[in-house]
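Accompanying notes for the structure given below.
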Amino acid sequence: MPHDRFGREINYLRLSVIDHCNLRCVYCMPLRGLSFVPSPELLTAAEIETVVRAAVGVGFRKFRLTGGEPTLRPDIVEVTRRIGSVPGVEDLAMTSNAILLPRLAHPLKEAGLRRLNIHVDTLHQERLTKLMRFGSVQEIEAGIAAAESAGLIPIKINCTVTRDYNDSDVVDLARRALERDWHVRFIELMPLGGGETAHVALSQFVPSSETRRRIETELGPLVPLDGQNRSDEARNFRFEGGGGVVGFISPVSEPYCGSCNRMRLTADGKFHLCLLNDDELDVKRALRKGGGVDEVKEILLRAVKLKPTGHRLDEGVSPQGRSMFQIGG
Ligand code: SAM
Ligand code: SF4
């Protein structure tokens, strides 16, 4: 198992496979001035598989597909199948906005996807249009239903809480944990990439403590879940008598850098060493020069060793190099 300089065991690789998206969430993607990785510069399915084989070879066990919106990649089922069939991959998950799941949930499950996190900030159409700018509640509900029918359960929801946009929806979403056994996780905004999205993340920030208070006031006390996994970024709770889970991901108000177990791969083939730092190590160049699993292993182990200790958001230092849609969360 690879360890970094601070003794952290790094065994979880998040793979961003595309930087395009069919939505434009206000804290993630601006409407104008975007530039995307040209298709020939995206890692191919075969190159992604080589990286996964290398990662498994050095001790990684958990993998997650993300974006932009991973389901927009035309060969996403093939990418999933290739990763799912690498011996040693114990967990293969995806983070998606659900819009394309009615046609993809079953093929993805069949290709080896085990778990799915669905991004739902609100189920109120007017607020959804303001926050995510495209898409509809109907489409998201259809995506969730497709995930359920494909057996990608329990339904896990990620809600990024944004003041004046969806902070009034947190109770409604948490109620789904109580009534329908969903796992609903509330995420604090992070300022990434400078520009208008970082500005939104700073000006509309809501601390998890406020979100939790709001939920408990309406729905009753949250009880800490037993057996919390140390590397789980969320602090998880349940309602007394409820079957679902309510989690809080608080990178700003309660940083969990000390237990970070992640490495990230960008769609254009860089190991991104920490979500909230700009440091990267190129792996695509080696792959395109004919490098194979052994060479990638070497680069990955170097990336692990170079992982920064944590972020400096509390000192007002935020990463400028990439926005969230270029890393994948
Ligand atoms: N498109 C997919 C989705 O939305 O789930 C995958 C990529 S998206 C970047 C992954 C997650 O990052 C989403 O849950 C989204 O809400 C979250 N996210 C995006 N920008 C963020 C920001 N500035 N701060 C905190 N979370 C953010
Ligand atoms: Fe797209 Fe996900 Fe970013 Fe929203 S958060 S714009 S759905 S990549």
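Note on the chain: Kirkwood hydrodynamic radius from all Cα pairs is 20.0 Å, rounded to one decimal. Counting only DSSP beta bridges whose two residues both lie in the chain, roughly 30 percent are antiparallel.
A dipole drawn for the chain from +1 and -1 charges on Cβ atoms has a positive end, and of 99, 136, 79 the residue lying farthest that way is 79.
When the C-alpha to C-alpha distance is required to be over 32 Å, the pairs from 109/284; 109/289; 130/297 that qualify are 109/289; 130/297. The residue among 271, 231, 287 whose Cα reaches farthest toward the positive pole of the charge dipole of region 142-301, with charges on the beta-carbon of Lys, Arg, Asp and Glu, is 287. If you sort the three axes of the alpha carbon gyration tensor as a ≥ b ≥ c, you get a/c of 1.5 or more for region 258-329 and a/b above b/c, which makes it prolate.
Taking the Cα centre of region 12-326 as origin and assigning +1 to Lys and Arg Cβ atoms and -1 to Asp and Glu Cβ atoms, the resulting dipole is close to 640 debye. Here the Karplus relation 6.51 cos²θ - 1.76 cosθ + 1.60, evaluated at θ = phi - 60°, turns the backbone of region 79-95 into coupling constants of 4, 5, 4, 4, 5, x, 9, 7, x, x, 6, 8, 9, 10, 10, 9, 10 Hz, with x for every Gly and Pro. Taking the charge dipole of the chain about its Cα centre, with +1 at Lys and Arg Cβ atoms and -1 at Asp and Glu Cβ atoms, the residue from 116, 309, 178 reaching farthest to the positive side is 309. The stretch between residue 91 and residue 3 holds 29.7 nm of extra length on full extension. This uses 0.36 nm per residue minus the Cα-Cα distance. Give the relative contact order (percent, whole number) for the chain; include only Cα pairs under 8 Å separated by 6+ residues. Computed over the chain, the figure is 22 percent. Measuring between their Cα centroids, region 238-257 and region 178-212 lie 12 Å from each other.
Sorting 208, 149, 96 from the fewest to the most surrounding beta carbons within 10 angstrom yields 149, 208, 96. Overall dimensions of region 153-285, expressed as equivalent-ellipsoid semi-axes from the Cα gyration tensor (√(5λ), whole Å, largest first), are 29, 18, 13. Between the beta carbons of residue 295 and residue 320, assuming R0 = 35 Å, the FRET efficiency works out to 0.75 to the nearest 0.05.
For residue 320, nonlocal amide neighbours, meaning residues 5 or more places apart or on other chains whose placed amide H falls under 5 Å from its own, are 193.
All of the numbers you see were taken from the coordinates with simple rules; none came from a lab. Just so it is clear, the structure is predicted and the values come from calculations on it, not from any experiment. Heads up, the Cβs are rebuilt from the backbone with ideal geometry, glycines too, and the neighbour counts pull from every protein chain shown.
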